[in-house]
Each structure stands twice: as structure tokens, then as C-alpha cells.
Amino acid sequence: MTDMTQLQPHEGKGIRIPTEAGIAFVLLVVMIGGAIASPNFLTLSNLFVLLLNGAVIGFLCLGQSFVLFTGGIDLSCGSIVAMTCVLAAVFIEYLGLPWPVAAVLVLASGALAGALNGVIIDKTGVPPFIVTFAMMGVAASIPQIITGAESIRVMDFGYRFIGQAKIFGIPFPVIALAVAIIAAAVFIKRTVTGTHIFAVGGNAEAARLAGVSTSRITVLVYAISGFCGACGGLIYGSRLMTGYPTAGRGDELFFSIAGAVVGGVSLFGGIGSIYGAMIGAMLIATISNLMNVLNVSAYWQPLVIGVIILVGVTFDTMRSSSRLSLPWVALIKQKFSANA
């Protein structure tokens, strides 16, 4: 017979507020503030621009989050966008491949570049910062060498589907990102490998002693980051119908890190969620878009994002080192415990 006590709700528990609620509230405030500051902010045309730009940032932030979960960092994702953007144009225009085949090869190339980062980090013990910084230079140079720093025009109009198509009025990149977010969240929460990713980020040595293949996890998360960078490269190339050798080498790297950090992903590994990181990425994209709408000088935008990163990292560092105390939180918990 079923134990009826197991079916009763636990008294005194209250309603559990998702950890992503705080950053979601900040995003809502920014959206409302933007609408008040400029009547052009919430127009349909600007929302499409925001969603399309946010899709690229979202993919990069998604890949970056997987790496951050393990306590690493990927500085090469922006350059992988540039490399894969040009590779797509080369495959289509120079090799005459159909655009779907070219897209698959581009995604594989991005994943391979990321996996190479993971292999070097795992086998040599060189810090991820150094390895991915080196890959950033390599991936940035490849498209410049291939094209002589010139853009390659793509004439296969079917290629436009990736970055310009709309399904039921929704841009395809936004739909693709939504599918990727759901798949990533399920993968992280519902699979053994997802659990191992957080275990490696929490304590790599303890995870290894528990039987987790830390080498496989390291290669996997960097391959995912490279794959997501390639998704960004395809979106860029398809929107411009051009293999652009400097695509993704602007603020995208900083946006991907800032989005993940303000979304609650710890730089020290083992803490965070996919949904939080994605809300953080949308917040960063929204702030950037709002500054463009308000005609804020482009020179100020990296400063604003830099301050956001600094505040987020400082908060995360103090939280991780237990130097950040929030007495009112403890009082609230004590109050609920007493009532229970």
C-alpha cells in the first residue's frame, strides 16, 4: 500500500523561488526602463535586431557556461566564430559544396577546434586561460590567411535560411537557440554526464577518485563551446551572406563571459544553471541594444560591460571565499525555521 505521508506536501517549506528569479527581475527592469527611455526600444523592428544579436551572444554564452561549470574558461570562442564564418564561405564558394553540407562541416570544425583546446589542457596541464588564449590567436589568423583579410561573398541564396529565415514570424536563429537551451538544460540536469560536469567543477580530484573520467569531461565541454562558436559563425555568415574574417571578434567574448557570470555561473566551477546563464546573456544583449538605441557612443559600451563583469566576478569571488555575508538572508531562514 502506498504510504500516504509521502503524498502530503511538506509543511513549513513555503514556495521555492528559482535562483534565476533575481536576474530575470533585473532583465524585466531594464526592459521597462528601456521602453521609458526610448519609444524605439520596444518596436518590432528593434526587437528582431535584439533577438538576432542575442542569438549569437546566447550561443557563445551557452558554450562558455559548459566550460565554466568545470572551472575552466574559453577565450577562443569569438575567434572560432570568425574562423567558421569564413570556412562556411570557402566550403560553399570555393569547393562548391551545398550549404547544408558546408554547415555540418563548419559545426564539426568548431567542435574540433574546441576539442583540441580540451585535449591540450588535459594532457599538458597548462591553464585553460593560456591554452584558449593561444587558440584565440590561431583561430583569428586562419581566416585572415585564407582570405588575405578580404571578405568572401556567398552567392548560394539557400544559405540565407540559417540567419534570415523566419518560422511563424520568429527568426530561425532564435528558434535554434531555444532548442539548444532546452537540450542543454535537460542534458545537464538529467544525465550522468551532466552530473559529472558539475562534479569536475566542484572538485576535479575528488571526481577522478570517484571514477569520473575528467579527461573526457574536459574535452567534451570545450568541444561544446567550439560547436556553439561555430553556430554563431553560421548565423553571422548567413545574415551577411559573407565570409567575414573579423566576425565575432568584437565584444562577443566579453558578452559570453559577462552573461554567464551575471546569470549565476561561478568562475570557480560547480555552480550555475543553463537558464540563469541564458537570462544573463539576454540581459547583456539588451543593455548593449539599449545603448545603441539611445545613441550611446560605442566607446562607452565595453566600459559598461566591463563594469558588469567586474561586479559579477567580485560578487562571485567574495561568495566563494565566504567573505560575502548577507545577514538578512540568515534572519529570514531562521524565521521560517522557527515557524516550521
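The values are calculated or read from the model by the stated rules, or taken from the named source; none is laboratory data. The model shown is predicted, which means the values in this text are computed figures rather than measured ones. With ligands, DNA and RNA removed, areas are computed over all heavy atoms of the protein, side chains included. Shrake-Rupley method; radii C 1.70, N 1.55, O 1.52, S 1.80 Å.
Can you tell me what percent of all Cα-Cα pairs in the chain are more than 39 Å apart? That fraction is 18 percent.
Taking every C-alpha pair closer than 8 Å and separated by at least 6 residues, the mean separation divided by the residue count of region 107-264 gives a relative contact order of 44 percent. Looking at region 250-300, the accessible area is 37 square angstrom per residue; that uses a 1.4 Å probe and ignores ligands, DNA and RNA.
On average, how much accessible surface per residue is there in region 101-195, in Å², for a 1.4 Å probe, leaving out ligands, DNA and RNA?
54
In the context of the full protein assembly, D156 retains an accessible surface of approximately 50 Å², using a probe radius of 1.4 Å and ignoring ligands and nucleic acids. Distance from the Cα centroid of region 16-76 to that of region 173-223 is 22 Å (rounded to whole angstrom).
How high is the relative contact order of the chain, in percent, counting Cα pairs under 8 Å that sit 6 or more residues apart? Could you put the intermediate results ahead of the total?
Values: 549 pairs, mean separation 107.9, N = 340.
Result for the chain is 32 percent.
Surface composition of the chain: carbon plus sulfur atoms contribute 69% of the solvent-accessible area (1.4 Å probe, protein chains only, all chains present). Between the helical axis of 99-124 and the longest alpha-carbon principal axis of the chain there is an angle of about 60 degrees.
The order of V30, V56, V138, V192 by accessible area, most exposed first and with a 1.4 Å probe, is V192, V138, V30, V56.
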